[in-house]
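Here's the structure, in structure tokens; my notes come after.
The values are calculated or read from the model by the stated rules, or taken from the named source; none is laboratory data. These numbers were taken from a predicted model, which means no experiment stands behind them. When we count neighbours, we look across all protein chains shown, and the Cβ atoms used for this are built from the backbone with ideal geometry, even at glycine.
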Amino acid sequence: MSRNPLSTSFAGLKLRNPTALASGILGYTAESLQRVVEGGAGAVVTKSVGAAPRMGYANPTVVQANCGLVNAMGLPNPGIDEFVEEIAHAKIILQAPLIVSVFGYSAEEYALVAEKAVAAGAEALELNVSCPHVKQTGSEIGQNPRILAEVVAKVKGAVQVPVIVKLSPNVTDMAETARVAVKAGADALTAINTVKAMAIDVDTTLPVLSNTRGGLSGPAIKPIALRCVYDLYETVETPIIGCGGITTWKDAVEFFLAGAIAVQVGTAVALENPNVFHAINRGVKAYLKKKGYGSVKEIVGIAHRA
């Protein structure tokens with residue numbers, strides 16, 4: 001049997017290809033996650049779930065920009081006690097690693113949600129410490145080294161699965177944030193979450209989003225995310241998952257060359273459809289063959305040769 005050039009692994013997770021669904025898109029139900037896997041994703045990350053149900057912000061929560069989406073959803077979720085049913089169902093039907101995104105308002109809450117998610121079947125966790133528009137969680141935790149270290153260590157002490165930390169670009173020194181997360185026990189890093197943004201309606205003269213401020217995702221932030229991955233690769237030895245504006249196979253390859261072991265796709269799924277994963281994987285496979293590489297891992301970080 002010929003070896004699959006797209007297969008990859010990191011932090012103990014084995015993926016049939018190096019693409020994954022980013023948290024925030026089609027991640028509430030087992031059926032929607034299954035659609036994404038059928039569309040070609042090598043792994044899936046659920047929408048972020050917390051200890052208690054949260055309604056999120058009132059509409060409008062999303063506005064389309066020229067090169068992406070500006071959103072302020074407000075972390076709507078049913079709460080982990082209800083969401084465990086979807087996790088358990090997804091674990092049964094998915095033929096790909098199931099990564100559950102969790103958030104909390106304290107290290108104890110993160111650990112509580114993490115334990116319940118793993119008990120239900122989560123194969124890995126992604127800690128959302130970088131949401132830019134919800135107070136007292138998200139980026140407020142990711143921007144505070146002491147609290148970030150406490151959250152990561154607490155979760156690592158509570159579970160036996162890989163713990164991935166999703167980093168915010170809205171910090172003074174992402175490299176330092178990454179070092180803190182890794183020292184506290186992070187098994188992998190996702191870079192990046194959305195960039196602070198907003199939109200204003202010139203007719204009403206008011207901000208479009210009900211929360212006023214939000215986060216930008218999509219092609220506009222790809223150069224920012226790529227730079228972050230490149231810098232992190234030179235800072236830590238921990239596996240890096242690239243995220244931000246990945247729409248085509250060329251985007252994905254850029255992230256691999258910069259140092260990412262895998263990539264997450266979100267906005268492209270929302271603006272196109274889940275089959276974008278198949279298109280990306282076909283392109284990456286053709287690129288590897290054209291260049292004479294036997295696997296994705298062979299091109300990870302080679303842009304650093306200069």
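See the values below:
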read-out	value
Filtered residues of the stretch 90-103 (kept if of a type outside the set (A, V, I, L, M, F, W, C) and either in contact (Cβ under 8 Å) with a residue 40 or more places away in the chain or buried (at least 20 other Cβ atoms within 10 Å of the Cβ) (or both))	Q95, P97, S101
From F255, F277, residue being closer than 16 Å to N4 by Cβ and either at pLDDT below 95 or under 16 Å from the mean Cα position of the chain (by Cα) (or both)	F277
Inter-residue pairs, beta-carbon under 7 Å, first farther than 17 Å from V263 by Cβ and modelled with pLDDT of 95 or more and in the stretch 287-306, second in a loop (DSSP other than H, G, I, E, B) and of a type in the set (D, E), 6+ apart	H304/E234
Qualifying positions in the stretch 104-123 - touching a residue at least 60 places away in the same chain (Cβ under 8 Å) and closer than 16 Å to V151 by Cβ	L112, V113, A117
Residue within the stretch 186-194 that is surrounded by 23 or more Cβ atoms within 10 Å (Cβ to Cβ), touching a His at 6+ places or on another chain (Cβ under 9 Å) and either farther than 21 Å from L125 by Cβ or not aliphatic (A, V, I, L, M) (or both) present	yes
Members of the stretch 55-89 found to be surrounded by fewer than 17 Cβ atoms within 10 Å (Cβ to Cβ) and outside any loop (DSSP other than H, G, I, E, B), listed by number	V62, Q64, A65, D81, E82, E85, A88
Filtered residues of the stretch 216-242 (kept if more than 14 Å from the chain's Cα centre (by Cα) and either aromatic (F, W, Y) or part of a loop (DSSP other than H, G, I, E, B) (or both))	Y230, Y233, E234, T235, V236, E237, T238
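Here's the yes/no breakdown for (1) under 26 Å from Y287 (Cβ atoms); (2) out of contact with any strand residue (DSSP E or B) (no Cβ under 9 Å at 6 or more places or on another chain):
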position	(1), (2)
G24	no, no
T29	no, yes
G42	yes, no
G50	no, no
G56	no, no
N59	no, yes
A65	no, no
G68	yes, no
